[in-house]
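Have a look at the structure below before the remarks.
The values are calculated or read from the model by the stated rules, or taken from the named source; none is laboratory data. Computed from a predicted model, the values in this text were never measured in an experiment. Glycine also receives a Cβ, built like all others from the backbone with ideal geometry; neighbour counts cover every protein chain displayed. In case anyone asks, the SASA skips ligands and DNA or RNA and just uses the protein heavy atoms, side chains included. Shrake-Rupley method; radii C 1.70, N 1.55, O 1.52, S 1.80 Å.
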Amino acid sequence: MKKWNVNSIKALKGECKISCLTAYDYTTARIVDQSGIQLILVGDSLGMTMLGYKTTLPVTIDQMLHHAEAVSRGVTDAIVVVDMPFMSYQISVEDAIRNAGMFMKDTGVDAVKVEGGAFRVPVIKALIENGIPVMGHVGLTPQSVHAMGGYKVQGKKSDDAIKLIEDAKALADAGVFAIVLECIPAELAKEISQAIDVPTIGIGAGVGCDGQILVTHDMLGLYSELTPKFVKQYADLEAAMREAFKQYKDEVENSVFPAVEHSF
Ligand code: KIV
């Protein structure tokens, strides 16, 4: 399989639905990549799933660099996108270029993702002009959780829906190669997907998007602290891990492990 890039991902629109997952470490990234997933996001959701924070806000550039590097080492085919963490691109265009440049230079990722609608266009354009591919993210933007008053479905009122369509069009015109649509009504996501020529990647946005993304810990049943309605659990690894750990403890206590074949 050839390495996916921004052009081949864009070309999938209308041809084949795009499957995307998050990864935060080398081992998981390898397995996700070997499963044929086209896009791997080093999401700042790692703040919750890997670091135990309540939101994505405390995540630092150094933490994202550390995880992005590990993921890159495990991937050969998928396009790897890293989330720019909170306050690494909001302060100024110059700051955004410097920080995004660091991700590209130091981690081997292929693109960055930034949250926000039309107001984010100056930053997005500056990054793209400087050779840094950008993925957009509108709808529920978790870095603005406090401003949004919680993790709520966005675009339910007609004014908000119109604004979201305009935001998505502005991002597409600015040159993003794909846009995450998070937690918006399925009909609205379908309308946005039909209105723009870059792929939409839905999470809680229905089947009318050009692709889907899930947080890998959620779909594997590894993160039970928050289970949004849009998550489908494809495995129950938490139960499987608990069972394995209990069996190990039991075998250690009863001198069943190590057996002869594990001993020198
Ligand atoms: O941080 C993340 O994992 C994300 C996805 C939910 C799209 O932004």
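May I ask you to verify whether Ser88 is among the hydroxyl-bearing types (Ser, Thr, Tyr) and touching an Asp or Glu at 6+ places or on another chain (Cβ under 8 Å)? Full working, then the answer.
On the way: among the hydroxyl-bearing types (Ser, Thr, Tyr): yes; touching an Asp or Glu at 6+ places or on another chain (Cβ under 8 Å): yes.
Against the criterion (among the hydroxyl-bearing types (Ser, Thr, Tyr) and touching an Asp or Glu at 6+ places or on another chain (Cβ under 8 Å)), Ser88 qualifies.
Check whether at least one residue in segment 135-149 is of a type outside the set (Phe, Trp, Tyr), farther than 25 Å from Pro58 by Cα and open to solvent by less than 10 Å² (accessible area, probe 1.4 Å), and report yes or no. First the steps, then the outcome.
Pass one, segment 135-149, residues of a type outside the set (Phe, Trp, Tyr): 135-149.
Now restrict to residues that are farther than 25 Å from Pro58 by Cα: none.
No, segment 135-149 contains no residue that is of a type outside the set (Phe, Trp, Tyr), farther than 25 Å from Pro58 by Cα and open to solvent by less than 10 Å² (accessible area, probe 1.4 Å).
If the condition is being in a helix (DSSP H, G or I), without any contact (Cβ under 8 Å) to a residue 40 or more places away in the chain and either hydrophobic (A, V, I, L, M, F, W, C) or away from the ligand (no atom under 11 Å from the Cβ) (or both), then segment 38-71 contributes Leu46, Asp62, Gln63, Met64, His66, Glu69.
Residues in segment 12-25 that are more than 15 Å from the ligand (Cβ to nearest atom) and either within 17 Å of Val81 (Cβ to Cβ) or touching a Cys at 6+ places or on another chain (Cβ under 7 Å) (or both): Leu12, Lys13. For segment 41-58, a residue qualifies if it is open to solvent by less than 20 Å² (accessible area, probe 1.4 Å) and in contact with a Phe, Trp or Tyr (Cβ under 9 Å, 6 or more places away or on another chain), and the qualifying residues are Val42, Gly43, Asp44, Leu46, Gly47, Thr56.
Residues that are in contact (Cβ under 8 Å) with a residue 40 or more places away in the chain and either within 17 Å of Ile124 (Cα to Cα) or in a loop (DSSP other than H, G, I, E, B) (or both) within segment 182-199 comprise Cys183, Ile184, Asp197, Val198, Pro199, listed in sequence order. Evaluate segment 212-219: report whether one residue or more is more than 14 Å from the ligand (Cβ to nearest atom) and either assigned by TED's automatic domain parsing to the domain that holds Val114 or in a strand (DSSP E or B) (or both). No. Within segment 132-157, the residues that satisfy the criterion of being in a helix (DSSP H, G or I) and over 18 Å from Ala118 (Cβ atoms) are Pro142, Val145, His146.
Looking only at segment 153-177, filter to residues that are within 15 Å of the ligand (Cβ to nearest atom) and closer than 25 Å to Leu226 by Cβ; which one of those is least open to solvent (accessible area, probe 1.4 Å)? If we take residues in segment 153-177 being within 15 Å of the ligand (Cβ to nearest atom) and closer than 25 Å to Leu226 by Cβ, then Gln154 is least open to solvent (accessible area, probe 1.4 Å). If you go through segment 59-94 and keep only what is open to solvent by 10 Å² or more (accessible area, probe 1.4 Å), of a type in the set (A, V, I, L, M) and closer than 13 Å to Ala23 by Cβ, you end up with Ala70, Val75.
Of the residues making up segment 242-264, those that are within 30 Å of Leu21 (Cα to Cα) and open to solvent by 80 Å² or more (accessible area, probe 1.4 Å) number 4.
Could you list all residues from segment 201-211 that are aliphatic (A, V, I, L, M) and within 12 Å of the ligand (Cβ to nearest atom)?
Ile201, Ile203, Ala205
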